[in-house]
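Q: One structure, as structure tokens, below. Some questions next.
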Amino acid sequence: MDFMEEAFVELKDGRRGLIVEIRPNEPMQYDVELPNGELTTVFHDEVAKQVHLPTR
């Protein structure tokens, strides 16, 4: 499954964050903003799933 920008995801190491940029490299990479404001670049296979946050 490919993910889109502005999607909340959970990484395989348990961290969660927001995809802020997609890098169309081979293999595909995502820049993910973590809750503490840190930006990290991960490969596609490091993303476990998309997370749907509850809205109120």
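Q: Given the conditions (1) open to solvent by 100 Å² or more (accessible area, probe 1.4 Å); (2) under 9 Å from the mean Cα position of the chain (by Cα), report the number of the one that ALA7 does not fulfil.
A: Status for ALA7: all satisfied but (1).
Q: Restricting to segment 23-47, give me the number of residues that are assigned to a strand (DSSP E or B) and at pLDDT 95 or above.
A: Of the residues in that region, 11 qualify.
Here is a yes/no grid of residues against (1) β-branched (Val, Ile, Thr); (2) open to solvent by less than 90 Å² (accessible area, probe 1.4 Å):
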site	(1), (2)
LYS12	no, no
GLU33	no, yes
ASN36	no, no
THR40	yes, yes
GLU46	no, yes
LYS49	no, no
HIS52	no, no
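The values are calculated or read from the model by the stated rules, or taken from the named source; none is laboratory data. Predicted, not measured: the structure shown is a model, and the values here were computed from it. These area figures cover heavy atoms from the full protein model, side chains too; ligands, DNA and RNA do not enter into them. Shrake-Rupley method; radii C 1.70, N 1.55, O 1.52, S 1.80 Å.
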